[in-house]
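Read the figures in this text as sums done on the coordinates, not as results from a lab. Keep in mind that what you see is a predicted model, and the values were worked out from it rather than measured. No Cβ is skipped: glycine too gets one built from the backbone with ideal geometry, and neighbour counts run over all protein chains shown.
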Amino acid sequence: MQEALDDGACRELLAERLPGLPEELVTALIRLAGGDPDVLIELAGTLTPGQIRGSVPPPCTLPLTSRLGRSCRAAVAGLPGPARRALLLAAADPDLTAGELLAVTGEQDLVAAEQACLVTVTPAGVQFLPAVLRAVVYYDAPHARRRAAHLDLAGLLGRRGERLRALVHRAAAAGGSDEGLARELFAAAADGPARTASAAYRYAAELTTAAEFAVEALAAAARQAWLAGERQQARLLLRRAGRSPQAPAHAHALRLAGEMDLREGAAAAARDTLLTAAAELSSRDFPAALEALLLAGEAVHLAGGQGGYCRLARRILARRTPGEPDPVAQARHQIAGLTAMYEGDHDAAFTHLRDVLRTAPVVADPVALIRAANAAVLLGDAPVARVLAGRAVDLARDRGAVTLVPQGLEVAAFAGLAAGHHDAALAAATEGAALARATGQPGLAQNHLGVLAVLAALVGDRDTCMLRIRAAGVYDSANGPGQARAFCEWALALLDLVEGRPRAALHRLDSIFVGPAGRGSLVVQVAATPHLIEAYWRCDPPPHTPPVARTAVLDGAFEPFDRWAAGTGQPYWLALRARCRALRAADPHAAEEYFQEALREHRRGDADFARAHTELLFGRDLRRRRRPGAAREHLRRAEETFRLLDAAPWAAQADVELRAAGAPVAPRPVSAARGLTAQQERIARLVADGATNREVAEQLFLSPRTIDHHLRNVFARLGVRSRTELARRLG
């Protein structure tokens, strides 16, 4: 069997063989083949004209006439009857564990199937070889045997307390409509894992005779399929739900369609769809209307259109119901906070968003936690954002909601980037990019790649930065996706800054702040403001731009940032605010006071890279003002920290400034401890002399977190496991 293909490669293969196939048929073939190219080719070659036109249902198993179909059936036919029954039971439930299967069949029956190389049995379950054999075994069995298998499994799972799975098997064995069972399935699915819940809702739609309830169940099945990473199945279910546009549940389907468009990168289309859904739901399902508005707020954030959003939000928020549950109250505060922020009322925005965080500790829903984490980002509270996003990711994994995992990782990645925790941001964005692609969320994958590009640019790694930007593909069209493109423009501007091209950096950053709607991003604009101010300050003489226009751009960027950063109360943002004020100050004494304020705030936090950057700019400013002695102190600290953080290009800038300030920069000695940099050896020797991590941090003007990180690297490089061994190794 060849290596499995992903969905994209499967689609390309089918397009080569049979271009123009209906989407429903393409999805069915990919699901049936399980990524096996041989199976996919064989299925494509046996399609009937009716299936190709879409007038006949897609195949659900391998045709009797196909080569692989004959081979699979011959292998199964050679097994004893009990072994064939064991295979049917396994085929009837992909989530069946080996222990559950052994409770309804004999161990020797499974052994016979394994010896025939038809399955692999592990404690987690049964894997068919090839994957399509599951469908062959199931659909080749007579209806009566399939029904008996489902009833056997329903009984077993019911006795074991697996109510939802037992109900799904009862539904599979049902012979016709069953209103009571449909309602039971719908109610039980609310707390089930995503894939099982999707099956339950789908069966509920099939068993009911109530048209409106069926549409509601199909919309719910589509959402759970999407959460489980089954994007195409979700689209098919949405199409079925959309065939009854008069039903109120149609608005729920519209909401999910908008959410899927948003994650796939179509922010403008998502915004319009979600605002329509919110308006339709506002008089029918108030909590669902708030959900649609929250998603629309994300789309507006990327595609523009704040005015229309704020008007609709105000109208919907005016509706109040007594005794609103906590999730509804949380959603209300988040929408009110976002609306106030779009309208420039930061005080009101912060009040509402802090109310969101007050209820977050008791929230157990991954979607609500991701939104609370986003609220923390808007409040500038990166540590809280990372904690909430981490909880959301853990809950999503536990519930099988794999689509939500990269969404939580996106917040964690940005929070790590914003707070200077670059290692954590790198890990989150790397995993998030891969998972976003695997779950059919290309727009989200581009955002992760944009964060990775910025992280590479921050340390001057041009090759990696450009690789990430090319992978994001944000320049493949005239407009590109808003937030991802803004991240990539920011990354390129950072490369310009680190490579000494402030004018080019200024031009790129301008595109984020004054470009067309959808080209920039509120989050990126806030985070990039300090670099915009720095780029202008480093242009000497200032750029040939009309002074009034340039001042307007800088003021337009800095004034909202200044108000927002002050409202956060967070050391990281207060430090950057003071740094920006220093760079904008005309009076030398005021500039020095602002720089000193920035360093005090940096010492309250633990973002060593940002502190070193401030030291570099302060030293450069002091040298410009002909105070080389004072400049050298800050430049030397900046240079040492940049080297410790492996930011060699920034360290080189500090070296240049040190020489310009009259400091002799001696060649760096070779480390006595082989494999260590000079800075790592300095940390190692301080620790070997008995200093604690906190004491080392205080001596080197770094955070204990950074010292701990580099000490672990020292231990690994020297092959020691304790401070005692380190002291012995260094003599």
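In which sequence would His150, His448, His169 go, from the one with the fewest C-beta neighbours within 10 Å to the one with the most?
Lowest count first: His150, His169, His448.
Calculate one ³J(HN,Hα) per residue across segment 302-308 by plugging θ = phi - 60° into the Karplus curve 6.51 cos²θ - 1.76 cosθ + 1.60, and present them in order as whole Hz with x for glycine and proline.
Once rounded to whole Hz, the list reads 9, 10, x, x, 4, x, x.
Which three semi-axes in whole Å describe the equivalent ellipsoid of the chain, each the square root of 5 times a Cα gyration tensor eigenvalue, listed largest first?
Equivalent ellipsoid of the chain: 54, 32, 24 Å, largest first.
To the nearest 20 Debye, how big is the dipole of the chain about its Cα centre, given +1 on the beta carbon of each Lys and Arg and -1 on that of each Asp and Glu?
Once rounded to the nearest 20, the dipole reads 740 debye.
Figure the gain on full extension for Arg183 and Arg603 (residue separation times 0.36 nm, minus the Cα-Cα span) and round it to one decimal in nm.
145.3 nm
Taking amide H atoms as placed 1.01 Å from N in the peptide plane, list the residues 5 or more away in sequence, or in a different chain, whose amide H sits under 5 Å from that of Gly229.
Sorted by chain and number, the residues that satisfy this are Val402, Thr403.
Want the number for Thr359 to Ala434: 0.36 nm per residue separation, take away the alpha-carbon distance, what's left?
Here the segment from Thr359 to Ala434 would lengthen by 23.9 nm.
Share of Cα-Cα pairs in segment 174-333 beyond 22 Å, in percent?
Every Cα pair in segment 174-333 considered, those over 22 Å come to 44 percent.
At q = 0.21, 0.25, 0.27 Å⁻¹, what log₁₀ I(q)/I(0) does segment 7-53 have when each alpha carbon counts as one equal point scatterer in the Debye sum?
-0.60, -0.88, -1.04
Pop out the Kirkwood hydrodynamic radius of segment 678-729 from its pairwise C-alpha distances, inverse of mean 1/r, in Å to one decimal.
Evaluated over segment 678-729, this radius sits at 10.7 Å.
Can you sort Asp510, Asp708 so the residue with the fewest Cβ neighbours within 10 Å comes first?
Ascending Cβ contact count within 10 Å gives the list Asp708, Asp510.
For segment 67-141, build the convex hull from the C-alpha positions and give me its volume per residue in Å³.
Per residue, the Cα convex hull of segment 67-141 comes to 75 Å³.
Provide Val356, Val132, Val402 in ascending order of the number of other Cβ atoms located within 10 Å of each residue's Cβ, fewest first.
Val402, Val132, Val356
Would you mind working out the magnitude of the charge dipole of segment 10-61 relative to its Cα centre, with +1 at each Lys and Arg C-beta and -1 at each Asp and Glu C-beta, to the nearest 20 Debye?
The dipole of segment 10-61 has a size of about 160 debye.
If you take the charge dipole of segment 99-209 about its Cα centre, with +1 on Lys and Arg Cβ and -1 on Asp and Glu Cβ, which of Pro130, Val168, Leu181 is farthest toward its positive end?
Final value for the positive-end residue is Leu181.
So, by mean Cβ neighbours within 10 angstrom, what's the order for 557-563, 643-649, 5-11 with the highest one leading?
Result, highest mean Cβ count within 10 Å first: 643-649, 557-563, 5-11.
Please work out the FRET efficiency for the pair Ala348 and Arg284, using the Cβ-Cβ distance as r and a Förster radius of 30 Å; give the result to the nearest 0.05.
0.55
Full-extension gain between Val328 and Ala504, please, as 0.36 nm times their residue separation minus the C-alpha to C-alpha distance.
Net length gain for the segment: 58.7 nm.
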